[in-house]
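Below is the structure I would like to discuss, written out as structure tokens.
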Amino acid sequence: MNRTALIGASSFIGHELISLNPDFFIPTYFKNQIKNGIKFDICNDKISNKIDINDFETIVILSAISNPKHCEVDEYNSYNINVIFMKKLIDDLVLHKKRIIFFSTEYIYSGTKGNYKEKDEIKPINNYGKQKYEIENYIIKNSKNFCILRLAKTYSFSKSGKDFHSQWYNYFINNQLKEVECFSDQVFSPISTFEISKALNFLINNNINGLYNLAGSKSYTRLECLKLFLKKFNLNDINVIANSINSELLGFEMPRNVSMDISKITNLGIDLKSYEENLYEL
Ligand SMILES: NC(=O)c1ccc[n+]([C@@H]2O[C@H](COP(=O)([O-])OP(=O)(O)OC[C@H]3O[C@@H](n4cnc5c(N)ncnc54)[C@H](OP(=O)(O)O)[C@@H]3O)[C@@H](O)[C@H]2O)c1
């Protein structure tokens, strides 16, 4: 009765959570099959028909259209998955009195001021942020047993992810490329998948509910992270072209400064490290 289901375990973050904690979760996937996974399509399936729901106390939701550009280009599809059918999934979980852990995003913040606290004004500037915020509110209104995590830009050291650290590793180390463009005005508080796993275990094992920012302990510009990376790997001959966020080229409005205050979650006793600390512990 204390098992935990991980919906969307085939995601980038899901893969990492499972590899860090192999026997903890019952995983689901949609198109990308995973070992011991249960196929679950949020648009056509009911989770209570897919798993033996009474065996589970907590359901962690990772499934999403998580690419902000896709949420602009195909608003209809992303709204269906991220909002319409997500609400049906939540209804099913509430009906069965399950604890919901929902992964929201730093992109619900507008990015104008930075160092956001959970109680700050919420004004998402792109569809992805608006869709996630709609679900936050839906969960708060309809469930009494939930934990919402406003997750920061995530990186991993597995080198196989779509995250900035893995991409740089492939770009500079595996492919030996010597020139890169990088935003100098994008500010975030990146968090490692290791830290997400640690925090999630703590929240599940201690039955902690509420709404929390989940981010690394220090904020950086993307350019600062790149410089730390190049220093760590002694890459002294890289030509870095610093540029500014260009919404037209990106295909969506990117909030500029989504750095977060994490005191609410660290006050629970969860220790979250900065990119620099993790990089130098490698
Ligand atoms: N990555 C980040 O930096 C970051 C930052 C903040 C918040 N988040 C949030 O954290 C979560 C995980 O992010 P991620 O980047 O790891 O995600 P991701 O790699 O984009 O994976 C998306 C997941 O959604 C599943 N999915 C898509 N359509 C589905 C459907 N119709 N039915 C059921 N599942 C479906 C996919 O399944 P298949 O692959 O099997 O098709 C996959 O498991 C998301 O909710 C995202 O919004 C991520």
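Look through the range 12-27, keep the residues that are touching a strand residue (DSSP E or B) at 6+ places or on another chain (Cβ under 9 Å) and touching a residue at least 24 places away in the same chain (Cβ under 8 Å), and return whichever of them is farthest from the ligand (Cβ to nearest atom).
Among those residues, the one meeting the criterion is F24.
Suppose we filter D120, D91 for residues that are within 24 Å of Y275 (Cβ to Cβ) and without any contact (Cβ under 8 Å) to a residue 60 or more places away in the chain; which single one remains?
D120
Are there any helices (runs of 4 or more DSSP H) wholly within the range 144-251 with 2 or more residues that are over 25 Å from S263 (Cβ atoms) and polar (S, T, N, Q), and if so which?
Hits in the range 144-251: 164-168.
Mind checking whether some residue in the range 171-183 is within 22 Å of E106 (Cβ to Cβ), surrounded by 14 or more Cβ atoms within 10 Å (Cβ to Cβ) and within 16 Å of the ligand (Cβ to nearest atom)?
yes
Go through the range 205-238 residue by residue and tally those that are over 17 Å from the mean Cα position of the chain (by Cα) and under 20 Å from H15 (Cβ atoms).
Matching residues across the range 205-238 total 0.
Just checking, which of K39, K31, K69 is basic (K, R), surrounded by fewer than 19 Cβ atoms within 10 Å (Cβ to Cβ) and near the ligand (Cβ under 8 Å from one of its atoms)?
So the residue among K39, K31, K69 that is basic (K, R), surrounded by fewer than 19 Cβ atoms within 10 Å (Cβ to Cβ) and near the ligand (Cβ under 8 Å from one of its atoms) is K31.
Also: Name the residue that is surrounded by the most Cβ atoms within 10 Å (Cβ to Cβ), counting only residues in the range 257-272 that are within 13 Å of L149 (Cβ to Cβ) and among the aliphatic types (A, V, I, L, M).
Here the answer is M260.
Would you say F194 is surrounded by 19 or more Cβ atoms within 10 Å (Cβ to Cβ) and either within 21 Å of the chain's Cα centre (by Cα) or over 29 Å from P22 (Cα atoms) (or both)?
no
Throughout, read-outs are computed from the coordinates displayed, never taken from laboratory work. Please read these numbers as outputs of a predicted model, since none were measured by experiment. Positions of Cβ are backbone-derived with ideal geometry, glycine not excepted, and every protein chain shown enters the neighbour counts.
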